[in-house]
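This report concerns only the one structure given below.
The values are calculated or read from the model by the stated rules, or taken from the named source; none is laboratory data. Because the structure is a prediction, the values reported are computed rather than measured. Here the Cβ positions follow ideal geometry from the backbone for every residue, glycine too, while neighbour counts run over all protein chains shown. Areas reflect the complete protein model, heavy atoms only, side chains present, ligands, DNA and RNA absent. Shrake-Rupley method; radii C 1.70, N 1.55, O 1.52, S 1.80 Å.
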Amino acid sequence: MTGTESAASWRAGMWNLPNALTIGRLVLVPVFVLLLLAESTPTRWWALAVFVLASVTDQLDGHLARSRNLVTAFGTLADPVADKALILGALVTLSVLGEVPWWITILVAVRELGITALRAVLVRRSIMPASLGGKVKTVLQIVAIVLLVVPWSALVDPDPMRVVALVALYLALAVTLLTGLDYVVKGWRISRSTRPAA
């Protein structure tokens with residue numbers, strides 16, 4: 001296959017519903033961030049709606065790609081990028097607003113980016129699929145962020161709900177770090193088992 005044919009195949013593979021949802025999720029990230037930074041109750045509700053919509057597309061695009069046999073190279077690369085952009089964009093913005101400690105955001109960012117890099121390095125040796133723990137981690141992160149973004153002061157006493165949100169955040173952090181360690185161990189084993197003989 002020539003370079004021109006390969007590029008054409010890549011472009012053709014991009015244009016399907018799952019990939020459109022992934023691209024849409026990437027577009028929604030800056031919209032969510034700007035709404036959250038506006039710091040008003042109405043824009044907070046809109047930010048919440050955008051975040052939930054983006055989170056739903058995260059689950060939907062993967063399901064559609066697998067069920068309809070629409071998995072593409074573009075989708076394989078772009079989907080995790082969109083996932084990380086959404087979660088890290090939310091945590092960084094909440095840290096800027098003083099609602100999430102920076103050390104938590106930094107730990108999550110190091111874990112997410114580090115494991116993504118590890119999987120990329122090992123992809124030629126073995127594919128490291130998302131584990132059940134990784135999926136639980138994602139759900140906990142989404143729940144924690146939703147609880148943090150809701151403008152509770154417009155509904156109830158915000159102090160108890162902030163405590164609940166922080167508990168969910170710390171739980172998400174614990175699972176994030178534990179699953180990150182699990183990926184590191186698996187990566188080390190893959191590296192050892194596939195090391196060329198001396």
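Odds and ends about this structure:
- Other residues whose C-beta falls under 14 angstrom from the C-beta of Val50 contribute a net charge of +1, scoring Lys and Arg +1 and Asp and Glu -1.
- Largest first, the residues Glu39, Glu112 sort by 1.4 Å accessible area into Glu39, Glu112.
- Calculated from backbone phi, Karplus (6.51, -1.76, 1.60) coupling profile of region 177-191 in Hz, x at Gly/Pro: 6, 5, 5, x, 4, 4, 5, 4, 4, 4, x, 5, 5, 4, 4
- To put it simply, the accessible area of region 152-193 at a 1.4 Å probe is 70 percent carbon and sulfur.
- Accessible surface of Arg162 - all protein chains present, 1.4 Å probe, nearest 10 Å²: 90 Å²
- Furthest towards positive pole of dipole, Thr179, Ala168, Val139, structure part region 137-198, Cβ charges: Thr179
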